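Presented below is the structure to which this report refers.
The values are calculated or read from the model by the stated rules, or taken from the named source; none is laboratory data. Bear in mind the structure is a predicted one, so any value in this text is a computation, not a measurement. Here Cβ is always computed from backbone atoms with ideal geometry, including for glycine, and neighbour counts include all displayed protein chains.
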Amino acid sequence: MIGRGSGSTPSGDDLLVGWLAGLPRQLRRGLPAHRALANRLIATCRLSRRFLQNALAGCFHLAFARLASPDVVPGAAHPLARALAEQGDRSGHASLAGCLAGLYQGA
């Protein structure tokens with residue numbers, strides 16, 4: 001998925017950043033996927049590489065933190081989810097899809 005898709009940050013990268021943002025809620029850190037992603041960052045553009053590096057380090061846009069903070073995982077129609085989806089041209093939708101996957105994974 002790294003480097004795949006259109007946009008200044010490819011959609012695949014946006015989805016991965018969202019997924020990484022959702023995982024901590026499930027207490028899932030340091031997965032083998034983290035190392036694999038870190039080793040493949042060269043496969044994407046510089047802007048997206050930085051975006052993914054920050055995500056791997058646990059640094060996320062405030063919209064991700066807000067979405068992951070409620071006691072109950074919000075659905076896609078929730079105002080916090082819609083706020084994330086509105087980021088950028090297409091990035092927000094891909095990031096939201098990844099974030100919801102990470103939030104629900106193992107739930």
Requested in this report: Tell me which residues, restricted to region 66-75, are touching a residue at least 24 places away in the same chain (Cβ under 8 Å) and in a helix (DSSP H, G or I).
Outcome: Leu67, Ala68
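Hey, could you check region 49-62 for residues that are farther than 16 Å from Pro10 by Cα and part of a helix (DSSP H, G or I) and say which is modelled with the lowest pLDDT?
Of the residues in region 49-62, the ones farther than 16 Å from Pro10 by Cα are 56-62.
Cutting the leftovers down to part of a helix (DSSP H, G or I) gives us 56, 62.
Values: Leu56: 93, Leu62: 85.
The residue in question is Leu62.
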**Report entry** Of the criteria (1) farther than 14 Å from Pro10 by Cα; (2) modelled with pLDDT under 90; (3) out of contact with any Phe, Trp or Tyr (no Cβ under 7 Å at 6 or more places or on another chain), which one Ala36 fails
**Finding:** (2)
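Residues checked against (1) crowded, with 20+ Cβ neighbours inside 10 Å; (2) at positive phi; (3) not aromatic (Phe, Trp, Tyr); (4) not in a loop (DSSP other than H, G, I, E, B):
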site: Gly22; (1), (2), (3), (4): yes, no, yes, yes
site: Leu37; (1), (2), (3), (4): yes, no, yes, yes
site: Leu47; (1), (2), (3), (4): no, no, yes, yes
site: Phe64; (1), (2), (3), (4): yes, no, no, yes
site: Ala77; (1), (2), (3), (4): no, no, yes, no
site: Leu84; (1), (2), (3), (4): yes, no, yes, yes
site: Gly88; (1), (2), (3), (4): no, yes, yes, no
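In the set Asp89, Asp14, which member is charged (D, E, K, R) and under 14 Å from the mean Cα position of the chain (by Cα)? Let's see the steps before the verdict.
On the way: Asp89 fails: under 14 Å from the mean Cα position of the chain (by Cα).
Answer to the check: Asp14.
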